[in-house]
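A.B. asks: Let me give you the structure first, and then I'll get to my questions.
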Amino acid sequence: MPDAALDPDLRAHALAARGFMPPEEGDALHAAALEAAAAVPGAPFAEVGSYCGRSTIWLGAAARTCGTTLLAVDHHRGSEENQPGWEFHEPDLVDPAVGVMDTLPRFRRTVFDAGLEDHVVAAVGQSSAVAAIWSTPLALCFIDGGHGEEPARRDHDGWTPHVAPGGTLAIHDVFPDPADGGQAPYEQIYLPAIGSGRFTERRAVGSLRILTRTG
Ligand code: SAH
Ligand code: MG
């Protein structure tokens, strides 16, 4: 398997990109993607929730190293908590012409600056709509999209079946203790995945959970 550490130049791009992926969790995601590609050679990766492309760099770099492709899914209109008046709103990400969030230009710029355009394919639209027309087994699926109950449940139902046997399911913002954060990724994605008997936990770093498809 290739060296698990991300190239320092690319890591600098990731750290400069806007978004919500803590560095040590990004590094763990990158390492998990390299492992996933070794376990399921030739299969692509998917990221559900890209925002401005921060986590995309760790995963896109792993895709490049492994000669595969990352599908980056996002409607680029922001999650509930990114909307005006909510905790994680960034006003300069609103498209003034239409008055709604648009992170796609930033995302494109991040991927371009990192030199990863040949290894990242963006799917701009509803996660559930993309999941419904997707059929290639995934070496790795990283879920970091909408954190409300309904979107999280739809991401679980739509994407986890696409993880290949032996492949990896990575889930972000998993907080077993409600005092630490919202419960939807934990209750609607992590617990059902483990409870289904199809997935076994492999590693936990911060709020990132790395699961292997074992069933
Ligand atoms: N992974 C990113 C953060 C993602 S934030 C990082 O490392 O910084 C969550 C993203 O999920 C937002 O960009 C939002 O637009 C997207 N999202 C939320 N619900 C969605 C849905 N139903 N379909 C597609 N994208 C969605
Ligand atoms: Mg997150």
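A.B. asks: Which condition number does Asp113 fail, the rest of (1) closer than 20 Å to Gly67 by Cβ; (2) in contact with a helix residue (DSSP H, G or I) (Cβ under 7 Å, 6 or more places away or on another chain) being met?
C.D. replies: The single condition Asp113 does not satisfy is (1).
A.B. asks: May I ask you to verify whether Val174 is in contact with a strand residue (DSSP E or B) (Cβ under 6 Å, 6 or more places away or on another chain), free of Cβ contacts under 8 Å to residues at least 60 places away in the same chain, closer than 16 Å to Val48 by Cα and within 16 Å of ligand 2 (Cβ to nearest atom)?
C.D. replies: yes
A.B. asks: Can you tell me which residue in the stretch 3-14 is nearest to Leu104 (Cα to Cα), limited to those that are away from ligand 2 (no atom under 16 Å from the Cβ) and either in contact (Cβ under 8 Å) with a residue 60 or more places away in the chain or of a type in the set (A, V, I, L, M, F, W, C) (or both)?
C.D. replies: His13
A.B. asks: Could you list, in sequence order, all residues of the stretch 167-205 that are in a loop (DSSP other than H, G, I, E, B), surrounded by 14 or more Cβ atoms within 10 Å (Cβ to Cβ) and not hydrophobic (A, V, I, L, M, F, W, C)?
C.D. replies: Residues satisfying the conditions are His172, Asp173, Pro176, Gly181, Gly182, Gln183, Arg198.
A.B. asks: Looking only at the stretch 82-104, decide whether some residue is under 16 Å from the mean Cα position of the chain (by Cα), among the aromatic types (Phe, Trp, Tyr) and under 23 Å from Pro151 (Cβ atoms).
C.D. replies: No, because not a single residue in the stretch 82-104 is under 16 Å from the mean Cα position of the chain (by Cα), among the aromatic types (Phe, Trp, Tyr) and under 23 Å from Pro151 (Cβ atoms).
A.B. asks: In addition: The conditions are (1) away from ligand 2 (no atom under 16 Å from the Cβ); (2) surrounded by fewer than 22 Cβ atoms within 10 Å (Cβ to Cβ), and Leu138 fails exactly one of them. Which is it?
C.D. replies: (2)
A.B. asks: Right, next: Can you name the helices (runs of 4 or more DSSP H) wholly within the stretch 56-166 that have at least 1 residues being within 12 Å of ligand 1 (Cβ to nearest atom) and free of Cβ contacts under 8 Å to residues at least 24 places away in the same chain?
C.D. replies: Of the helices (runs of 4 or more DSSP H) lying wholly inside the stretch 56-166, those with at least 1 residues that are within 12 Å of ligand 1 (Cβ to nearest atom) and free of Cβ contacts under 8 Å to residues at least 24 places away in the same chain span 127-133, 149-159.
Per-residue answers, yes or no, for (1) buried (at least 19 other Cβ atoms within 10 Å of the Cβ); (2) within 15 Å of ligand 2 (Cβ to nearest atom); (3) farther than 19 Å from Gly115 by Cα; (4) of a type outside the set (Phe, Trp, Tyr):
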site	(1), (2), (3), (4)
Pro22	no, yes, yes, yes
His30	yes, no, no, yes
Gly42	no, no, yes, yes
Phe45	yes, no, no, no
Ser50	yes, yes, no, yes
Gly53	yes, yes, no, yes
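Computed from the coordinates by the stated procedures, all read-outs in this text should not be read as laboratory data. Please read these numbers as outputs of a predicted model, since none were measured by experiment. We place every Cβ from the backbone using ideal geometry, glycine too, and count neighbours over all the protein chains shown.
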